Amino acid sequence: MSRRTFHFRPEGEQAFGYAQAVSAGGLLFVSGTLSVDAAFQTIAPDDMRRQLEVVYAALGETLAAHGLDFAAVVKETVFVTDMDAFLDANDFRLGIYTGRDLPAVTAVEVRRLAFPANLVEIELIATLAG
């Protein structure tokens, strides 16, 4: 089985010890993505909706780098520090999938994320086959 890694921010990913995405077995596994800038500084602390916008934009870039869009997503795992705030902003997330088949989704509230000012982290699994 061939395996290929993809780095969105190579230096930061190397420092933290991960690849943004790995393709293997006809699937693309996308690491948990946070609302951070190129220097890994949190964008929009305490604003769930804005963080969702930033996270989905970054996820979209990772998918696009593999010739994919959100229609290829088959599984989504969402980690949030405030489930009520996430549910209030979930209409934005649903808009990402409008007109597409919905992926399998797990949403989990956690005590904190790697960067404490982040409210949401999302990982994806997408199919590489059309």
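Things to note:
- Test: residue in segment 78-98 that is closer than 16 Å to Arg49 by Cβ and in contact (Cβ under 8 Å) with a residue 60 or more places away in the chain: no
- Of all residues in segment 88-130 being among the hydrophobic types (A, V, I, L, M, F, W, C) and assigned to a helix (DSSP H, G or I), the one that is surrounded by the most Cβ atoms within 10 Å (Cβ to Cβ): Ala89
- Selected residue [closer than 17 Å to Thr33 by Cβ, modelled with pLDDT of 95 or more and in contact with a Phe, Trp or Tyr (Cβ under 8 Å, 6 or more places away or on another chain)] from Phe92, Phe86: Phe92
The values are calculated or read from the model by the stated rules, or taken from the named source; none is laboratory data. Everything quoted here is computed from the prediction, not taken from an experiment. Glycine gets a Cβ as well: all are built from the backbone with ideal geometry, and neighbour counts include every protein chain shown.
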